[in-house]
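See below for the structure under consideration.
The values are calculated or read from the model by the stated rules, or taken from the named source; none is laboratory data. Every value quoted in this text rests on a predicted model; they were computed, and no experiment measured them. Please note: Cβ atoms are built from the backbone with ideal geometry, for glycine as well, and neighbour counts cover all protein chains shown.
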Amino acid sequence: PYPNPTKSFWIEEGPHTLKEHRTTDELPTEIDVVIIGSGYSGTSVACGLLLSKTSLFKKRPSVVMLEARDVCSGATGRNGGHIRSFYHSGHKHFVDQVGEKKAAEMVMFEHDELSKVEKLVKKYKIDCNFDPRLSCQTVDDPRVYQSSLDNYYAFQNNKYIPQSIKDCVKIRFVPEADEVSEHKAGPFCITAPTCSIWPYKLITSLLRRCIDTGLNLQTYTMVENLKPTCDGGWIVSTSRGPIKCKKVVCATNAWTRALLPEFKDKIVPVKGVVSHIKPISKNPGKLSFNYYHTFPIESDYVTAHTDMSMIAGGGGPTYLTYPNSADMFNNCDDTYAPEDTLDYFKDYPNKYYPEFAKGLKFVNDYTWTGCMAYSNDEFPFVGDMSPFGRKNLYIIAGFTGHGMPRIWSCGEYVSGL
């Protein structure tokens, strides 16, 4: 990861109790488990090992978490601040790709994930602005009208999806669509469950609990190389010295191929741009929905938050062609983004929600970029690397910009291995 990334609202305005944290002054020389990465993926595995009973270790393992920069400074600390499960989105594509039953299992997995995170937040009384809401998908280009309908009806007609989940997703046609949606676009809109959340607060709160239970967190400790040992373990070479361990978990997402070159063409870094927008003087209130504005490629999303601000991400039209595309695709430098994309979010509320914004002035106090990890088949790589010649090495990466509705359960699974 590059030093001095763009400043994210979540990180800059979040609690800094773990900023530059090192649980011990020196690195341990020998440990049971090394987790590389302190984002949602690495944290979910740490929680599984230290806070739950999913681990197969007979006693609580010794665990060190290594982070190249500051805590949660990668994609999790830079995302859109929501857990938006797919439900109907892309459902026909997934049915064609994996079949009706598997596509239904994906829907149920992500539906349950939202409930799991809500229970997690309540269990540990985590202050992370968790706000259950509805997501409203609008169709902003005639080229996506038919495909959006095909996905919706493929979802509703999938016999393996429980009716109770189907009932959570509703389509509204004009004029009703225009009555409920603050963004007027296309002949219909579709609503589904979602939530807003402050991801950095969620992760740092969970990591604090893990530290209190034995986790050794080491920030600004870049992993440079992984080398297997003759006894089945690993030597993890870092910028501060080596660590010998029994097992390694790569929760490295966009930077995975730097340590595991076999993923060079399997996981590709793709940058996204996000902006925090707040009213300057008079506050118009909170949007009725979180929004997903559908375009043929790289749609926009908007997340409303409890402080009446909003987060907007996307801006695809500004970077889909060269030269800006080179700054965004196959690029993991999150210290910059194209100026066109940064400017795209200026006065976004008045452009997209004029009746809501009422001509009020808004400020983009933070606009930043972060690196996602796109897999070659859109599904993450999660599990044991032993079948590929890397015994006692595990991976949880490649979430294709869709990690929040999947990672927690994936991390539980990996910790159980």
| query | Given the conditions (1) in contact with a Gly (Cβ under 8 Å, 6 or more places away or on another chain); (2) in the same structural domain as Tyr319 (by TED's automatic domain parsing); (3) farther than 28 Å from Val117 by Cβ; (4) not small (Gly, Ala, Ser), and given that Tyr301 satisfies all but one, which numbered condition is not satisfied? | reply | (3)
| query | Taking only pairs six or more apart or across chains, which ones have beta-carbon atoms under 7 Å, a first residue in region 87-109 that is more than 10 Å from Asn158 (Cβ to Cβ), and a second residue that is in a helix (DSSP H, G or I) and of a type in the set (Phe, Trp, Tyr)? | reply | Tyr87/Phe155; Met106/Phe94
| query | Does Ala46 satisfy the condition of being in contact (Cβ under 8 Å) with a residue 12 or more places away in the chain, in a loop (DSSP other than H, G, I, E, B), within 22 Å of Met372 (Cβ to Cβ) and among the aliphatic types (A, V, I, L, M)? | reply | no
| task | Could you tell me whether region 239-248 includes any residue that is of a type outside the set (Val, Ile, Thr), touching a residue at least 60 places away in the same chain (Cβ under 8 Å), under 29 Å from Leu417 (Cβ atoms) and not assigned by TED's automatic domain parsing to the domain that holds Trp408? | result | no
| Only one of (1) surrounded by fewer than 17 Cβ atoms within 10 Å (Cβ to Cβ); (2) modelled with pLDDT of 95 or more; (3) not in a loop (DSSP other than H, G, I, E, B) is not met by Phe379, so which one is it? | (3)
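Let's see how each residue does on (1) surrounded by 24 or more Cβ atoms within 10 Å (Cβ to Cβ); (2) over 30 Å from Pro5 (Cα atoms):
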position	(1), (2)
Gly74	yes, no
Arg78	yes, no
Phe86	no, no
Val98	no, yes
Lys102	no, yes
Met106	no, yes
Phe109	no, yes
Lys116	no, yes
Lys119	no, yes
| query | Among strands (runs of 3 or more DSSP E) lying entirely in region 270-316, which contain 2 or more residues that are modelled with pLDDT under 95? | reply | none
| said: Residue pairs, Cβ under 8 Å, 6 or more apart or interchain, first in region 276-292 and within 23 Å of Ile11 (Cα to Cα), second surrounded by 17 or more Cβ atoms within 10 Å (Cβ to Cβ) and among the basic types (Lys, Arg). List them. | reply: Asn290/Arg84; Asn290/Arg133
